[in-house]
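Q: Before I ask anything, here is the structure I am working with.
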């Protein structure tokens with residue numbers, strides 16, 4: 001059987017607890033690669049053994065990013081490139097699990113091949129669980145990506161998503 005090839009390489013990481021909030025290098029160390037993938041089959045081979053986000057310890061999560069990009073503004077791909085993080089909060093651990101899985105399906109079906117998207121993440125912290133979509137590029141490019149994201153998620157017209165832009 002031939003493999004279903006993805007449009008680019010993706011990396012799935014477990015995001016552990018950062019030991020220091022001040023040190024960028026320390027924050028980078030908290031990401032542990034689960035695997036790099038260029039096909040749906042390679043991805044599902046690893047993903048089937050990954051716990052749902054709601055089962056993870058506090059202050060941990062997962063990220064699924066293009067190539068070797070990390071979900072942080074200081075990453076080379078995001079730094080000085082107009083990076084934004086679209087934060088999606090459901091208010092329920094079960095709903096967050098469903099949202100995460102839906103975003104993963106978006107990666108596998110090519111939604112996130114748009115040039116503005118660099119990856120997705122899910123985190124569990126003191127304020128609850130959330131998912132986020134990382135984007136780069138000029139405002140117009142990000143607006144196109146946002147429109148695609150809203151359509152994919154079925155977000156009603158005029159509904160606002162929390163966007164955190166690079167300072």
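Taken together, the values in this text are just the output of simple stated rules run on the coordinates, not laboratory data. This is a predicted model, so every value here is computed, not measured. A quick note on method: Cβ atoms are made from the backbone with ideal geometry, for glycine too, and the neighbour counts reach across all protein chains shown.
Q: Can you sort 36, 94 so the residue with the fewest Cβ neighbours within 10 Å comes first? Before the final figure, lay out each step's value.
A: Working: 36 15, 94 11.
In increasing order of surrounding Cβ atoms, one gets 94, 36.
Q: So, in nm, how far is label residue 8 from label residue 38 when the simple model puts each one 7 Å beyond its Cα toward the Cβ?
A: 1.5
Q: Sticking with this structure for a sec: Determine the calculated [θ] at 222 nm for the chain from helices alone, applying -39500 (n - 2.57) to every DSSP H run no shorter than 4 residues and normalising by the residue count; nearest 500 deg cm²/dmol.
A: Mean residue ellipticity, 222 nm, calculated: -8000 deg cm²/dmol.
Q: In whole percent, what relative contact order does region 52-106 give with Cα contacts below 8 Å and a gap of six or more residues?
A: Computed over region 52-106, the figure is 41 percent.
Q: Further question on the same structure: Test of understanding: ordering 78, 114 by Cβ neighbours within 10 Å, fewest first, what list do you get? Intermediate values should be presented prior to the final figure.
A: Details: 78 22, 114 17.
Starting with the residue having the fewest Cβ neighbours, the order is 114, 78.
Q: With each label point set 7 Å from Cα along the Cα-Cβ vector, what nm distance links residue 147 and residue 79?
A: Calculated label separation equals 3.3 nm.
Q: Can you work out the PRE-style zone for residue 94? Point 7 Å along Cα to Cβ, and I want the residues of region 113-143 with backbone N under 14 Å.
A: none
Q: What is the chain's relative contact order, in percent, from Cα pairs under 8 angstrom and six or more apart in sequence?
A: RCO, the chain: 24 percent.
Q: Starting from the Cα gyration tensor of region 3-80, take the square roots of the eigenvalues, sort them a ≥ b ≥ c, and report rounded, prolate or oblate (rounded when a/c is under 1.5, otherwise prolate if a/b is larger than b/c, else oblate). It would help to have the intermediate numbers written out before the result.
A: Working: a/c = 3.01, a/b = 1.35, b/c = 2.24.
Cα axes put region 3-80 in the oblate bin.
Q: Which residue, 30, 13, 63, tops the fluctuation ranking in a GNM of the chain built on C-alpha contacts under 10 Å?
A: So, out of 30, 13, 63, the one fluctuating most is 30.
Q: Modelling each spin label as a point 7 Å along the Cα-to-Cβ direction, I'd like the residue 19/residue 101 distance in nm, to one decimal.
A: Calculated label separation equals 3.6 nm.
Q: Moving on to the next point. Specify the inter-centroid distance of region 96-167 and region 6-80, based on alpha-carbon positions, in whole Å.
A: Result: 15 Å between the Cα centres.
Q: Could you compute the FRET efficiency for residue 109 and residue 26, with r as their C-beta to C-beta distance and R0 at 25 Å, rounded to 0.05?
A: 0.10
Q: Right, another one. Please compute one quarter of the surface area of the Cα convex hull for the chain and express it in square nanometres.
A: Average projection, Cα convex hull of the chain: 9.9 nm².
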